[in-house]
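Below: one structure, written as structure tokens.
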Amino acid sequence: MSAPPSGISIDDLYLFNTGQLFRAYRTLGAHPAESDGREGVRFAVWAPRARAVSVVGDFNGWNGSDHRMAMIGTTGVWALFVPGIYEGERYKFELVDGHGERRLKADPYAFRSERRPNTGSVVARLDGYDWQDGDWTARKRRSPPYGRPMLIYEVHLASWRMDAPEQFRTYDQLAHELVEYVSSMGYTHIEILPLTEHPLDRSWGYQATGYYSATSRYGPPEGLMRLVDRCHQQGIGVILDWVPGHFCKDDHGLRLFDGTALYEDSDYRRAEKPLWGTLAFDFGKPEVRSFLISNALFWMDAYHIDGLRVDAVASMIDLHFDKPESMKTLNKHGTAEHLEALHFLRELNETVFRHYPESLMIAEDSSSYPAVTSPTYLGGLGFNYKWNMGWMNDLLRYMETDPDRRSDVHSLITFSMWYAYSENYVLPFSHDEVVHGKRSLLHKMPGSYPEKFANLRLMYGYWITHPGKKLLFMGGEFGQFDEWKDFAGLDWMLLQYPAHDSMHRYVRQLNRLYADWPALWRSDHSSEGFTWIDVNNAEQSVLSFLRKGDASDPPVVAVCNFSRRPYGAYRIGVPCPGRYRLLMNSDEADFGGAGMSVPQEAVAADRPMHGQSYSIEVPLPSLAILIWSPADWNQANIDWLSKPIMGKE
């Protein structure tokens, strides 16, 4: 045992041991440093039950007898300063466990890892990049996300574009190609599948070994910084999928790190994740909480990430999730809630928002656990967004139903408004819905080939106009017909075919419409921003509703015909008199539709309908959405809109 080397504070180690060191990556890991006038690298690793620990690498022929580390007091942290080595050195920790078994482990806090199949850590600095995103950061701080548009493009970097198997685009290539594409399509954010280092490509990053290492598949850490920086310079936010729920079992990773269950629970019933063949973190250990909360802040500190989408929350908070009877355990109250995981999530969100109040913390949660996006001081989990998995599942079930039978399942398309404001929701069409035999979104749609495209355009229109922020997985924007193939690039050649090229144009135009009309996003989280016009027309499978923003924002009227039957004259209630302008018609020939003639304007008649004081009569194409707005929005119209809604006819 020894005193800590220069740069390691006993006070910091106390905070680490009590779960309160939230920049633990500055203390543990490998850090170029100077000691007694000599340059070198300071190493520190947590391994409380190891009998001995050494740092090994190219600099000592991977010989564990040359650079033995010493434990600092009773902290469980071993440290050593090695002079004469520099950035770029490969290394691991050699640990001797209580049984005398030798283990070679990658550094849990390494900033860089070797490219797979190699598993070593690499000494790296992350403090030299010259960021140019100051304007973006200032805008974020001035403008909270709730009343802003949020249209997220979810992307797996390896398979967005791939010229040949395992020929990945680099971070620097993506900084130009991907960012230019996302900007041209009108997305406000990209969400990247996990970038933490992982040994198996097919895990998509969800089974990690290097939580502080941006995967080396796409180049060095500076490349990722340039990608994020360029996104910000183009006005695009960056969200990272983050996986605190479980880690993979590879020998060089966290499993049995010092010969004991260190990062995982010692009770195998809680540690094992049978669904994925992984191990759950032990959220009851303070050092594990320091590790994970520090990691969340690390991606924001070092890479300027704007937010985290926290994976598999339902599996974290439920002790019975995907467990056979023999592995089910209960908490001290005799229930299945994972109390330590709930405590961790609340502390995670409190800490992130204390340091980055403008950040996004998004829960991917399929459970019905309440108040996920409520503040912790009100008993919530403290996220500011949650994926609306119920809405997504119901909508896809509805859309997969043959249009002639949709009247029988009408409630699937309307039920979401009963709970739309119970949380702050993101409406996701994610990678999970287009893989493992689930088929692509286009392929899910029923009917003939043209009807599949019409249904998809209609579904996207309903998605864009429904309250909630938006997320679409790559390939959905041009109607990828095959489900996602993670080992190959998207089928970009489909854009040579008119139907897919038209879909691409439609989605780009729909994205721009969304950004340009504040009524579609300003009041996403307030019931004042949505009113049903006609919710009960199950017989014709037609829905109409009103979206509103601030008083100065022109409202938007959406009319969705989910049936095969077109109508030459369909009357819809509207809230105020005057002319109504057609903003979007998904049936336009330019979008691949049938091109039924629909006028660009309609004049509201003094004829009450659907509980509204006025109405317009318009043609309504089959399997289509029409989006209208008052053409002359003025104070008189604002006054009309603010009047109480009259009783229905």
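The values are calculated or read from the model by the stated rules, or taken from the named source; none is laboratory data. The structure displayed is predicted, hence computed values, not measured ones. Glycine also receives a Cβ, built like all others from the backbone with ideal geometry; neighbour counts cover every protein chain displayed.
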I'd like to check something: does the range 451-474 contain any residue that is more than 24 Å from ARG547 (Cβ to Cβ), surrounded by fewer than 23 Cβ atoms within 10 Å (Cβ to Cβ), modelled with pLDDT of 95 or more and of a type outside the set (A, V, I, L, M, F, W, C)?
yes
Quickly run through the range 367-383 and pick out the residues that are without any contact (Cβ under 8 Å) to a residue 60 or more places away in the chain, touching a helix residue (DSSP H, G or I) at 6+ places or on another chain (Cβ under 8 Å) and aromatic (Phe, Trp, Tyr).
TYR369
Could you please give the count of residues in the range 22-47 that are surrounded by fewer than 19 Cβ atoms within 10 Å (Cβ to Cβ), touching a residue at least 60 places away in the same chain (Cβ under 8 Å) and in a loop (DSSP other than H, G, I, E, B)?
1
Residue check: is SER523 under 27 Å from SER613 (Cα atoms), polar (S, T, N, Q) and surrounded by 19 or more Cβ atoms within 10 Å (Cβ to Cβ)?
yes
For the range 48-164, give me every one of the strands (runs of 3 or more DSSP E) that falls completely inside it and has 3 or more residues that are buried (at least 19 other Cβ atoms within 10 Å of the Cβ).
52-57, 77-83, 90-96, 151-155
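To keep it simple, each residue is scored yes or no on (1) farther than 16 Å from ALA30 by Cα; (2) outside the structural domain of PHE257 (by TED's automatic domain parsing); (3) out of contact with any helix residue (DSSP H, G or I) (no Cβ under 8 Å at 6 or more places or on another chain).
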residue: GLY73; (1), (2), (3): yes, yes, no
residue: TRP78; (1), (2), (3): no, yes, yes
residue: VAL82; (1), (2), (3): no, yes, no
residue: ILE85; (1), (2), (3): no, yes, no
residue: ARG90; (1), (2), (3): no, yes, no
residue: PHE93; (1), (2), (3): no, yes, yes
residue: GLU101; (1), (2), (3): yes, yes, yes
residue: TYR109; (1), (2), (3): no, yes, no
residue: SER113; (1), (2), (3): no, yes, no
I need the full set of residues from the range 384-419 which are under 26 Å from LEU240 (Cβ atoms) and in contact with a helix residue (DSSP H, G or I) (Cβ under 6 Å, 6 or more places away or on another chain), in order please.
TRP391
Please work out which residue is farthest from the chain's Cα centre (by Cα), limiting yourself to the range 470-510 and to residues that are within 30 Å of GLY147 (Cβ to Cβ) and of a type in the set (Lys, Arg).
ARG505
When residues of the range 443-487 are limited to those that are touching a helix residue (DSSP H, G or I) at 6+ places or on another chain (Cβ under 8 Å) and without any contact (Cβ under 8 Å) to a residue 40 or more places away in the chain, the one nearest to LEU626 (Cα to Cα):
LYS452
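Would you say THR373 is among the β-branched types (Val, Ile, Thr) and farther than 26 Å from PHE321 by Cα? Write out each step before concluding.
Values: among the β-branched types (Val, Ile, Thr): yes; farther than 26 Å from PHE321 by Cα: no.
So THR373 does not fit the description; no.
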All positions within the range 188-225 that are more than 19 Å from VAL313 (Cβ to Cβ), assigned to a strand (DSSP E or B) and charged (D, E, K, R):
GLU197
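Of GLU347, GLU337, GLU325, which residue is charged (D, E, K, R), surrounded by 16 or more Cβ atoms within 10 Å (Cβ to Cβ) and over 25 Å from LEU471 (Cα atoms)? Even if it seems obvious, please write down each step before you answer.
Details: GLU337 fails: surrounded by 16 or more Cβ atoms within 10 Å (Cβ to Cβ); GLU325 fails: surrounded by 16 or more Cβ atoms within 10 Å (Cβ to Cβ).
Going through GLU347, GLU337, GLU325 in turn, the sole match is GLU347.
Is it the case that some residue within the range 546-558 is surrounded by fewer than 17 Cβ atoms within 10 Å (Cβ to Cβ), in the same structural domain as LEU623 (by TED's automatic domain parsing) and either closer than 23 Å to VAL409 by Cβ or free of Cβ contacts under 8 Å to residues at least 40 places away in the same chain (or both)? Before you say what the answer is, go through the steps one by one.
Here is the first cut: in the range 546-558, the ones surrounded by fewer than 17 Cβ atoms within 10 Å (Cβ to Cβ) are 550-552.
Still in the list and also in the same structural domain as LEU623 (by TED's automatic domain parsing): 550-552.
From the residues that got through so far, the ones that are either closer than 23 Å to VAL409 by Cβ or free of Cβ contacts under 8 Å to residues at least 40 places away in the same chain (or both) too are 550.
Looking for residues that are surrounded by fewer than 17 Cβ atoms within 10 Å (Cβ to Cβ), in the same structural domain as LEU623 (by TED's automatic domain parsing) and either closer than 23 Å to VAL409 by Cβ or free of Cβ contacts under 8 Å to residues at least 40 places away in the same chain (or both), one finds at least one in the range 546-558, hence yes.
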Being of a type in the set (D, E, K, R), part of a helix (DSSP H, G or I) and touching a residue at least 24 places away in the same chain (Cβ under 8 Å) is the filter here, so list the residues in the range 165-179 that pass it.
ASP172
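Is it the case that some residue within the range 87-95 is within 18 Å of ILE8 (Cβ to Cβ) and aromatic (Phe, Trp, Tyr)?
Of the range 87-95, the ones within 18 Å of ILE8 (Cβ to Cβ) are 91, 93.
Restricting the remaining residues to those that are aromatic (Phe, Trp, Tyr) gives 91, 93.
There is at least one residue in the range 87-95 that is within 18 Å of ILE8 (Cβ to Cβ) and aromatic (Phe, Trp, Tyr).
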Out of ALA538, ALA551, sole residue that is farther than 12 Å from TRP628 by Cα and at pLDDT 95 or above
ALA538
So which residues in the range 10-33 are farther than 14 Å from VAL45 by Cα and of a type outside the set (Lys, Arg), if there are any at all?
ILE10, ASP11, TYR14, LEU15, THR18, GLY19, GLN20, LEU21, PHE22, PRO32, ALA33
Picking from ALA312, ALA280, ALA296, the residue that is within 23 Å of ARG255 (Cβ to Cβ), within 16 Å of the chain's Cα centre (by Cα) and free of Cβ contacts under 8 Å to residues at least 60 places away in the same chain would be ALA296
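Touching a residue at least 24 places away in the same chain (Cβ under 8 Å), farther than 20 Å from SER294 by Cβ and within 36 Å of the chain's Cα centre (by Cα): is that true of ARG103 in this structure? Break it down stepwise before answering.
Values: touching a residue at least 24 places away in the same chain (Cβ under 8 Å): yes; farther than 20 Å from SER294 by Cβ: yes; within 36 Å of the chain's Cα centre (by Cα): yes.
Criteria met by ARG103.
With among the charged types (D, E, K, R), within 16 Å of ASP486 (Cβ to Cβ), modelled with pLDDT of 95 or more and assigned by TED's automatic domain parsing to the domain that holds TRP276 as the only criterion, which of GLU154, GLU177, GLU166, GLU222 stands out?
Working: GLU177 fails: within 16 Å of ASP486 (Cβ to Cβ); GLU166 fails: modelled with pLDDT of 95 or more; GLU222 fails: within 16 Å of ASP486 (Cβ to Cβ).
Residue meeting the stated conditions: GLU154.
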